[in-house]
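Rule-based calculations on the coordinates, nothing more; no lab input. What you are looking at is a predicted structure, and each value in this text was computed from that prediction instead of being measured. Quick reminder, even Gly has a Cβ in these numbers, built from the backbone with ideal geometry, and neighbours come from all protein chains shown.
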Amino acid sequence: MINRDQISNLRKLFVENYQSAPQKDPEFKPADDSSRSVPGQIRGLQQKIASAQNEQKARASLAAAPVRSIAVTSGKGGAGKTNFVANLAIAFSRLGKKVLVLDADLGLANIDVIYGLRPKYNLFHVITGQKRLSEIITEGPCGVKLAPGGSGIVELANINESERNHFLAEMSELEGKVDIILVDTSAGINKNVLCFLKACSEIIFVTLPEPPAIADAYGIIKAVAAQDAGFVQKLYLVVNRAVSVVEAKDVYDRLSLVTRRFLNIAIEDMGYIFEDRVVAAAVKAQSPYILASPNSSASGCIETIARKMLNIGGEKYGAGSASDRLKNGVRSFFHRIGELFN
């Protein structure tokens, strides 16, 4: 990489070469004189200077505004994954983070239902140029931004270079406006789910304290590890609908043991959410339980998880960390998704 001193030397050489070129009249154009090699060198130096400056600007921008991308998934449906995402996003927002929720559950996208929203458009309309990003982003509770995915996510695999550049330019509007991208994936193991999990630098697996759910959680962890030999993502486990701390800890211990023994993978204990009847009531009322019942045990668990996530993230993001996988930007995140679907 060219540093600042090298750029200064290149500029000096550029000026010296240019001044040494014979200029016979005002119409003299060095580039048109094929008998001399200096103009070609000048063009090359100019390109190197511009490239180095652009690289430095890009690095400065990335260092100033890191973005965490967190995928939430589960081995089977009914684990409460989407409800968890909807409430976790609000908890992050209330802790001062700017959050974008990407509803990537292509078959059963329903975070908007939990938020009581009715978005008319999704990312498909942005990709095809029918709508601007600002026209499809919906603001949910506590300032959480929702990007309805729908079929638009799959369309990333079928667009040409011009359409992709247009889409990524639209995504650039979010740079500096988002701290966390929270991705709600479909349940189970399929190509779409694995692409999203690979694109994110952190993954939260949500499971229930039931043997079939635990087995399914192990299955998707194994699938994630198998698809990438250079595995660098942070993996977390959240046990939903636990009746006690002991039960939740037992689930984590069992799953952590088998992932370490057979996959050589460490998965961190990110907490649990107690079985709480306010959750079902909030879903029926189309209101996140962290707002409808802020003093409930489930809401307290969500807030604890959010604080724990933020503490973990702040001290581990640097050179060589999992976040480098996405270059720390919203635009880079969506670019990587497009590459993976291709």
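Brief remarks on what is shown
- Förster radius 22 Å - calculated FRET efficiency between S297 and F262, Cβ distance, rounded to 0.05: 0.05
- Global geometry of segment 214-312, whether rounded, prolate or oblate, following the gyration tensor of its Cα atoms and the 1.5 cut on a/c: prolate
- Legend: residue pairs K177/K198; K81/K145; K98/K191, Cα-Cα distance threshold 25 Å; pairs beyond threshold, K98/K191.
- Each residue in Y121, Y272 was given a count of other beta-carbon atoms within 10 angstrom of its own, and listing them fewest first yields Y121, Y272.
- For C142, C301, order by how many other beta-carbon atoms lie within 10 Å, fewest first: C142, C301
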